[in-house]
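Derivation of every value follows stated rules applied to the coordinates shown; laboratory data play no part. Values in this document were obtained by computation on a predicted structure and should not be read as measured data. Ideal geometry is used to build each Cβ from the backbone, glycine not excepted, and the neighbour counts take in all protein chains shown.
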Amino acid sequence: MKAIREKHSLAMRWAHWINFPVLLIMIWSGMLIYWANDEYSITIFGHTFFHFFPDPFYKFLNVPQRLAEGMAFHFFSMWFFAINGLLYFLYTVISGEWRQLVPNRRSFKEAWQVLLHDLHIRKMLPPQDKYNAAQRIAYTSIIIMGFGSLITGLAIYKPVQFYWVTWICGGYHLARVEHFILTAGYVLFFIIHLTQVVIAGWNNFRSVVAGFEIVNNDHPVNIKTADDEKSI
Amino acid sequence: MKNQFSKKSELKLVSQKQINRRNFVAFSVFGGVGALLYGGWRWLYKSPEEVAGITGGARKPLRRALNQNELIFKNTLNNNHLVQTYPKSMAAKNVRVNSNIGMEDDDYDANKWSLVINKKDGTQLKLGIEDLRALPKTEIVFDFKCVEGWDQISHWSGVKFSDFINHYNLQEEASLQYVGLATPDEGYYVGLDMPSAMHPQTMLAYEVNDQPLPGKHGSPLRLIIPVKYGIKNLKRIGSISFSDQRPPDYWAEQGYDYFSGL
């Protein structure tokens with residue numbers, strides 16, 4: 001016999017795995033659109049360190065000359081991204097699961113400890129609930145970023161009809177910059193997230209597919225039964 | 001708080017067989033749905049292009065989505081929302097020129113230009129630029145938005161499209177659903193829904209930065225329609241017609257949204 005614990009709800013798992021391919025399509029089609037006016041770069045005191053994006057990068061991903069196509073995909077997939085995200089948000093609020101997700105008073109201090117631990121600087125790990133402090137901050141941020149993408153996206157998509165949304169974003173021009181930065185943020189999140197998932201291992205990954213995780217007996221819990229003894 | 005968490009995180013004892021079964025079910029569903037999603041994506045990506053007509057160049061399902069989006073935003077929103085305007089001092093001195101499609105004819109003689117209005121009864125109305133200059137003048141400084149993603153604050157003057165309609169008694173024409181505009185050589189043409197054309201900020205412009213339009217900006221008369229992307233702001237208007245069917249539109253034929261409203 002093994003001890004398992006239900007970790008992730010069905011709703012969360014569906015939302016997560018639907019969001020993944022949809023977001024991928026949004027980022028890809030967004031790139032096709034961005035190419036038509038690829039004016040952003042990291043420039044400090046007149047020196048350009050990086051231009052988004054270098055030509056070989058575009059060529060490799062077959063980006064050039066596909067603006068109309070990109071817009072068509074983007075304005076189709078946006079509905080799935082928005083509806084899936086809103087359903088997840090509503091579920092998390094109504095079910096009360098937000099309590100395990102939203103950072104609390106201790107989170108910001110503990111997140112440092114998690115970071116130092118992950119970088120092998122610190123031995124001891126702060127208390128791990130369902131999500132540790134760093135995860136709470138990261139996963140809450142990504143939800144806020146999702147809202148940010150919807151709002152800045154709407155500000156660019158319909159700047160006249162939703163003029164007040166555009167105004168909140170600081171105008172049309174700035175809204176496009178923000179929309180781009182948020183996307184860069186997803187890519188960054190994705191890289192770290194994927195690394196962490198690989199490090200965390202199979203038991204953790206399975207919990208986002210099957211919902212449960214196996215609890216190892218390093219920290220014995222008083223759950224053994226007579227039945228249990230026999231089967232072992 | 002503790003209650004809810006501990007309830008869900010209760011430990012359960014299960015056999016390896018049970019674990020295997022749950023793994024099997026969960027990963028089968030995961031793989032199955034993943035395969036379905038991938039199949040759906042391949043279907044969409046490889047779906048045939050629409051039959052070329054008023055619109056063209058887009059995948060069929062995506063064109064349907066673009067048209068549905070238009071209905072959603074046209075029916076639920078107010079067409080009288082105004083575009084934000086700016087003080088003249090913020091207007092660009094060098095107004096960006098992005099394209100000269102429909103103006104590539106070297107033999108073009110600006111002095112022979114006239115505006116042809118095709119009326120509902122089949123007759124034509126021909127106007128010179130002085131006729132339009134005689135109408136009440138209006139101006140706008142707004143953020144011009146290109147479908148490519150750039151925007152620029154620019155300053156235009158001319159006659160409101162709705163003033164022009166009323167002055168020449170084209171109310172009956174304006175009761176139709178669409179307006180079509182084309183360059184004299186018909187190399188560039190746009191179709192507009194009537195509410196957008198009659199929007200209070202839509203104008204037939206003959207000046208930029210208080211100077212007559214230079215050739216590259218569509219001398220002597222161009223359309224400025226701030227509720228649309230730049231692709232709808234036709235330069236060097238040669239003719240205007242009215243219809244209940246969508247008039248041909250240069251960029252809608254090449255995969256862009258017909259409505260292209262902001």
DSSP bridge orientation in the protein assembly as shown - percent antiparallel, rounded to nearest 5: 95
Please list the non-local residues whose amide H lies under 5 Å from the amide H of A:Val215, H modeled 1.01 Å from N, same-chain partners needing a gap of 5 or more. A:Ala3, A:Ile4, A:Arg5
Taking the simple approach of a point 7 Å from Cα along Cα-to-Cβ for both B:Ala92 and A:Phe57, what is their distance in nm? 2.5
If you filter region B:109-217 for trypsin sites (Lys or Arg not before Pro), then keep DSSP loop positions with at most 16 other Cβ within 10 Å, what is left? B:Lys119, B:Lys120, B:Lys137
What spacing in nm lies between the two simple spin-label points modelled at B:Lys120 and A:Phe190, each 7 Å away from Cα in the Cβ direction? 5.3
Working only with C-alpha atoms, what are the Rg and Dmax values of region A:58-120, expressed in angstrom? 19.8, 50
Scattering profile of region A:1-53 at q = 0.14, 0.15, 0.20 Å⁻¹ [log10 I(q)/I(0), Debye over alpha-carbon scatterers]: -0.63, -0.66, -0.82
How big is the charge dipole of chain B about its Cα centre, in debye rounded to the nearest 20, if each Lys and Arg gets +1 on its Cβ and each Asp and Glu gets -1 on its Cβ? 2240
May I ask you to work out the translational diffusion coefficient for region B:67-149 at 10 °C, viscosity 1.306 mPa s, via Stokes-Einstein with Rh from the Kirkwood sum over Cα pairs, reported in whole µm²/s? 89
To the nearest 20 debye, what is the magnitude of the charge dipole of chain A about its Cα centre, counting +1 on the Cβ of each Lys and Arg and -1 on the Cβ of each Asp and Glu? 420
Angle between the Cα long axis of helix B:60-76 and the longest principal axis of chain B, 0 to 90 degrees, nearest 10? 70
Using DSSP H assignments, which helices in chain A have an axial alpha-carbon span of 27 Å or above and a mean Kyte-Doolittle hydropathy of -1.0 or higher? A:10-35, A:67-95, A:133-157, A:172-200
Over 29 Å [Cα-Cα, the protein assembly as shown], rounded percent: 60
Bin by bin, in steps of 10 Å, what percent of the Cα pairs in chain A do you find, going until the bin that has the longest distance? 6, 24, 30, 23, 11, 4, 2, 0
Compute the projected area of the convex hull of the Cα atoms of region B:1-157, averaged over all viewing directions, and report it in nm² to one decimal place. 22.0
One finds, for A:Val102 and B:Asp109 with R0 = 45 angstrom and r their Cβ-Cβ distance, a FRET efficiency to the nearest 0.05 of 0.05
Chain B: angle of helix B:16-45 to the longest principal axis, Cα-based, in degrees nearest 10: 20
Quick calc, B:Gln211 & B:Asp185: beta-carbon distance into FRET formula, R0 25 Å, rounding 0.05, result 0.50
Largest-first principal axis extents of the Cα set of region A:5-112 (Å): 49, 37, 21
At q = 0.10, 0.15, 0.19 Å⁻¹, what log₁₀ I(q)/I(0) does region B:124-262 have when each alpha carbon counts as one equal point scatterer in the Debye sum? -0.29, -0.69, -1.17
Please work out the FRET efficiency for the pair B:Leu11 and A:Ile27, using the Cβ-Cβ distance as r and a Förster radius of 30 Å; give the result to the nearest 0.05. 0.15
For region A:82-176, compute Rg over Rh where Rg is the Cα radius of gyration and Rh is the Kirkwood radius from the inverse mean 1/r over Cα pairs. 1.14
